[in-house]
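Since the structure comes first, as structure tokens, the remarks are kept for the end.
The values are calculated or read from the model by the stated rules, or taken from the named source; none is laboratory data. A quick note: this is a predicted structure, and the numbers were derived from the prediction, not measured. Virtual Cβ from ideal backbone geometry, glycine too; neighbours counted across all protein chains shown.
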Amino acid sequence: MKKNTLTAMVPIDAPALETIFKNSREKDKALVILQHLFFTWRIMKAHKNFAPQIERSSGWVPVLAENLKKLVHNYSEIIQILIRHNIIEFKRNDKGGKNYYPGKLTMLYRVKFGSRITNPEQQRYRQEHIRHPFIINKVKEYYEKDYKNQRSLFLAQNPWFSGNLKFMDQLIIDVSPEELQKYNPDNFYFLWGVQQQFNDKLNRHISIDSFAGRIYSELTSLPKGLRPYLRLKNESSELMIVDIKSSQPYFIGTLFLHYNELLPLIPQFYPIAHKIKKHTNKPDVRIFLEDCINGYFYQRIMDASGLTKDEVKQAMFQHIFYSSASNQHRIQAVKEERLKFRNLFMSIYPSVYKLLVALKRTQKQTLPFVYEISKRKKGKGKMYITTNLIATLLEVIFVINKIAKRLSDDGVPVCLIHDAFIFRKQDLDKFDQIFNEAFHEFKIRPPKLDIQELKGGDNIIKPSISTENR
């Protein structure tokens, strides 16, 4: 099942809007109503159109007309009320541009009284007002109905996951405004709003990728800043989160060095076995996998580049692993950055880079399904997604099919955030056993893990430890 591109339609009506306006300050109510009109902030943020706190210097928010119709039942009436109350102004977007849907009609809306709330009293009011009972109840009704349909379809395909969904439904984010402000002052209002949505079950969804089988839910989109505060409602059991270090680089490197063991798991990629075999015994391929297993891979690149881990990860995926094999780019600055990181990577792992390029240049007649998947996802057939599909498939096979399923079969419920596991602390020993067995079954070394107890802000960062050396 494909992931929905729009996950909600805000069921606000005109009378309710007029009621909300009666005792509201102009600036506050404008921002609140805009937030609910564009309740699917994740989608709007991904499209670079809207985020809960508008940070555009102009204040203008571009909104594609057809998307607005999908988000709000009676959007034209709502917009008219906002204009009549002198809350917003609008104009047609005539200039186009990358972020403004060139060639399509886009309306630009702007709050007339400014786009930011800075007064502490108004900030508190905004957080109270955004939880208007009518809005909460209506949106909750919508999500509950939609979630039941998604859940039914998901369990029809994956009945073994039922206990995990029940476990997930018990999760809440337990943090006070004061504590969240202390540990995340820059993103406080954004995270506080997400926490309220999560605890009110306003954004529950469950789906599975149609090709690889990756699972998507409200947990996979939960900001990392809120993960340490997860706990079980009405239960004192402590929770753990275990994250595979350098997950996708690890699975790529493992395939390169152990293709005889792993290719049978993804037989559709047998036609490229000869490319892997050509490089598999090179010393730097072994070093690359060793670095991934021990959790040194990103640190090595950080030391060589002087960048932060987040910057390195972004650059590695953007320019090395999942980008075009070509060094060209229409933006000169991106082209220069790409060449810089590729030269750096090649200086450390030359054979790994050559193999990545060789896989990206696979012909579509060799792996026609890759071409078709890319065509459906991007609108163009790009064979350079070959390495992406390989890493994702292997991640799903181990994380979901061989670890999460075996845990569930043994009565250990687990929640998944792609390559991370959330479970009760009391089940750590069972997790250790099943995790290591999954890799030893294929005579390959398991990756190193980040293991963290979910105890709030003071425990956000924990040292990396391996389950085998714990």
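Scanning the range 299-330 for residues that are farther than 22 Å from Lys448 by Cβ and either buried (at least 16 other Cβ atoms within 10 Å of the Cβ) or in contact with a Phe, Trp or Tyr (Cβ under 7 Å, 6 or more places away or on another chain) (or both) yields His319, Tyr322, Ser323, Ser324, Ala325, His329.
Of the helices (runs of 4 or more DSSP H) that lie entirely inside the range 350-450, those containing 1 or more residues that are under 29 Å from Asn281 (Cα atoms) span 350-360, 368-378, 386-396, 428-440.
Could you go through the range 331-338 and let me know if any residue there is surrounded by 14 or more Cβ atoms within 10 Å (Cβ to Cβ) and under 28 Å from Ala438 (Cβ atoms). No: the range 331-338 contains no residue that is surrounded by 14 or more Cβ atoms within 10 Å (Cβ to Cβ) and under 28 Å from Ala438 (Cβ atoms).
Inside the range 217-262, can you point out the residues that are free of Cβ contacts under 8 Å to residues at least 12 places away in the same chain and under 18 Å from Phe439 (Cα atoms)? Scanning the range 217-262 gives a single hit, Asn260.
Summed over the range 316-325, the residues that are under 11 Å from Phe345 (Cβ atoms) and either in contact (Cβ under 8 Å) with a residue 60 or more places away in the chain or within 17 Å of the chain's Cα centre (by Cα) (or both) give a count of 2. Within the range 219-263, if we keep just the residues that are within 24 Å of Gly295 (Cβ to Cβ) and polar (S, T, N, Q), the residue that is farthest from the chain's Cα centre (by Cα) turns out to be Thr254.
Would it be correct to say that Tyr270 is free of Cβ contacts under 8 Å to residues at least 12 places away in the same chain and of a type in the set (Ser, Thr, Tyr)? Answer is yes for this residue.
Scanning the range 438-450 for residues that are over 24 Å from Asn260 (Cβ atoms) and surrounded by fewer than 19 Cβ atoms within 10 Å (Cβ to Cβ) gives a single hit, Asp450.
Only residues that are in contact with a Phe, Trp or Tyr (Cβ under 6 Å, 6 or more places away or on another chain) and under 26 Å from Lys430 (Cβ atoms) were counted across the range 241-269, and they come to 3. Selection of the range 418-427 for residues being buried (at least 18 other Cβ atoms within 10 Å of the Cβ) and either touching a helix residue (DSSP H, G or I) at 6+ places or on another chain (Cβ under 6 Å) or more than 24 Å from Leu263 (Cα to Cα) (or both) yields Asp419, Phe421, Ile422, Phe423, Arg424, Asp427.
Could you tell me whether the range 176-194 includes any residue that is within 18 Å of the chain's Cα centre (by Cα), modelled with pLDDT of 85 or more, farther than 30 Å from Phe269 by Cα and in a helix (DSSP H, G or I)? No, that holds for no residue.
Of the residues making up the range 351-376, those that are surrounded by fewer than 20 Cβ atoms within 10 Å (Cβ to Cβ), in contact (Cβ under 8 Å) with a residue 40 or more places away in the chain and within 17 Å of Phe317 (Cα to Cα) are Lys354, Ala358. Only residues that are buried (at least 22 other Cβ atoms within 10 Å of the Cβ) and either part of a helix (DSSP H, G or I) or small (Gly, Ala, Ser) (or both) were counted across the range 233-256, and they come to 10.
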